[in-house]
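The values are calculated or read from the model by the stated rules, or taken from the named source; none is laboratory data. None of the values given here were measured: they were computed from a predicted structure. FYI the Cβ positions are ideal-geometry reconstructions off the backbone, even for glycines, and counts take in every protein chain you see.
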Amino acid sequence: MPERTPKALREAMVQHAPQLLGDFDAHWKRAIADSFDLGPVPAFLARWWGEYAIARDPHLSAHLTDLEARATEATDLAEGKKLLEEASNIRHMAARTEPGR
């Protein structure tokens, strides 16, 4: 993982997860650049930090996508809940990934 700054995160996306750049840049423009408000930067960074941590691992990204797709198709409430809890755990672990890992 890169240094925990928007600039370093964006540079890492360019190299390892370019599919995220369009949404990242649009969100930055809407939430930060156009508003001239730096208050939302920590929340912005937290969100995209986790997205990048997942996207840089194609197997993890595919597994998460599969879990979420299966949850939306589940007809059993308990099964859907179990799948969403597993997906949530993956997202929480990704968000806690430290720089350099």
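Being modelled with pLDDT of 95 or more and within 21 Å of Arg96 (Cβ to Cβ) is a description that does not apply to Leu21. Number of residues in the stretch 70-101 that are of a type in the set (Asp, Glu) and either closer than 30 Å to Arg4 by Cα or in contact (Cβ under 8 Å) with a residue 12 or more places away in the chain (or both): the value is 3. Taken over the stretch 43-62, the criterion of being within 14 Å of the chain's Cα centre (by Cα) and either over 21 Å from Ala17 (Cα atoms) or not aliphatic (A, V, I, L, M) (or both) is satisfied by Phe44, Arg47, Trp48, Trp49, Gly50, Glu51, Tyr52, Arg56, Asp57, Pro58, Ser61. Within the stretch 8-21, one or more residues are crowded, with 17+ Cβ neighbours inside 10 Å, assigned to a helix (DSSP H, G or I) and basic (Lys, Arg).
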